[in-house]
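The values are calculated or read from the model by the stated rules, or taken from the named source; none is laboratory data. Quantities reported herein were computed from a predicted structural model and do not represent experimental measurements. Virtual Cβ from ideal backbone geometry, glycine too; neighbours counted across all protein chains shown.
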Amino acid sequence: MGLAKHQLQSFLKAGPAVDVQITQVKGSSPRDVGAWMLVNAHEMIGTIGGGQLEFMMIDEARKMLRLGHHQLTCTVPLGPEIGQCCGGQVEIALSLIANSQDILARHFAEQNAKPDVLIFGAGHVGKALAQTLALLPVNPVLIDQRAHELPNISGVENRLSPLPEAELRTAKPGSAVVVLTHDHALDFLIAGEALVLSKFSYVGIIGSKTKRGVFSNWLKQTYDGGVDAKNLVCPIGGHRVQDKRPEIIAALVAAEIIATLDQAGQLAKNTLVRGEEHAR
């Protein structure tokens, strides 16, 4: 669930609320088992996929609040009867929240389970990528040697580091690494260290095919041929869109990282929406 801890705490303090969770899925559905939202008398946070299913469960949750009920289980076919065409069936558990600490603990566990994306370089592209990733089920970490370049972006961790490459050694296995510094030599050093450690799901470096060739030669000379660039993504963001505006590059790279992390099994299942068409 992409919200800050203080937002969740404020919601839980606002009054009685219902925890709405998908507990079983058969066939196609807008979200997976474990997806959840919270509903009180006036607002909601989170999503179980949108559409009529979500509207129905909001109504059921508010009915529970009005009637003072504590538990409810609903089995809903996702077909023409409710105006959705997923074709599957879901079981939804609705529970009156008795202990807000349980909800906070769940949120914390989900946040902890998200993979880190280490963004080296807080230039135009680095900032744009951090902003984009802050909306996705990952923990973006923006790393730079220059304090004045590190921005204040909600959902993004800033790290001021005189030796950026040292951050790789303590990084969680399975993290993604994106290298976009202001210095080509520093780019090479960080990307080379990331490849040597061989524990990351994604290692990408901004640049052209020519830069990739130069970097490959540098790797062979620096590591005596013991490391090659086969696992390096460069250029990042693919080749189909040639627009070089930072926001466009950020969108393309974010999609590339999410696809790679998903294939590597690093994304927490309960934070992904499966099928945009079902969420409408």
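Below are the figures for this structure:
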| quantity | calculated |
| --- | --- |
| Yes/no for A122 being of a type outside the set (S, T, Y), modelled with pLDDT of 95 or more and not assigned by TED's automatic domain parsing to the domain that holds A250 | no |
| Single match in D102, D144 (criterion: free of Cβ contacts under 8 Å to residues at least 12 places away in the same chain and touching a strand residue (DSSP E or B) at 6+ places or on another chain (Cβ under 9 Å)) | D102 |
| Selection count, segment 13-40, where residues are aliphatic (A, V, I, L, M) and modelled with pLDDT of 95 or more | 7 |
| Count - residues of segment 1-16 that are under 19 Å from K114 (Cα atoms), in a helix (DSSP H, G or I) and among the aliphatic types (A, V, I, L, M) | 1 |
| Test: residue in segment 85-93 that is modelled with pLDDT of 95 or more and either closer than 25 Å to V156 by Cβ or not acidic (D, E) (or both) | yes |
| Elements of type strands (runs of 3 or more DSSP E) in segment 98-161, at least 3 residues being surrounded by 20 or more Cβ atoms within 10 Å (Cβ to Cβ) | 116-120, 139-144 |
| All positions within segment 158-184 that are free of Cβ contacts under 8 Å to residues at least 12 places away in the same chain, under 23 Å from K211 (Cβ atoms) and of a type outside the set (A, V, I, L, M, F, W, C) | D183 |
| Looking only at segment 234-276, and only at residues there that are part of a helix (DSSP H, G or I) and of a type in the set (S, T, N, Q), the one that is modelled with the lowest pLDDT | N270 |
| Total residues in segment 17-36, condition among the aliphatic types (A, V, I, L, M), in a loop (DSSP other than H, G, I, E, B) and surrounded by 24 or more Cβ atoms within 10 Å (Cβ to Cβ) | 1 |
| Matching option when the condition is closer than 17 Å to V125 by Cβ, of a type in the set (V, I, T) and either modelled with pLDDT under 95 or assigned by TED's automatic domain parsing to the domain that holds G121 (or both), among V178, V214, V227, V196 | V178 |
| Within segment 150-169, considering residues that are among the polar types (S, T, N, Q) and modelled with pLDDT under 95, the one farthest from the chain's Cα centre (by Cα) | N152 |
| Considering residues of segment 170-203 that are closer than 23 Å to A255 by Cβ and of a type in the set (F, W, Y) only, the residue surrounded by the fewest Cβ atoms within 10 Å (Cβ to Cβ) | F200 |
| Test: E43 is of a type in the set (D, E, K, R), surrounded by fewer than 15 Cβ atoms within 10 Å (Cβ to Cβ) and either farther than 21 Å from A113 by Cα or touching a residue at least 24 places away in the same chain (Cβ under 8 Å) (or both) | yes |
| Residue in segment 227-240 that is over 17 Å from V177 (Cα atoms) and under 24 Å from the mean Cα position of the chain (by Cα) present | yes |
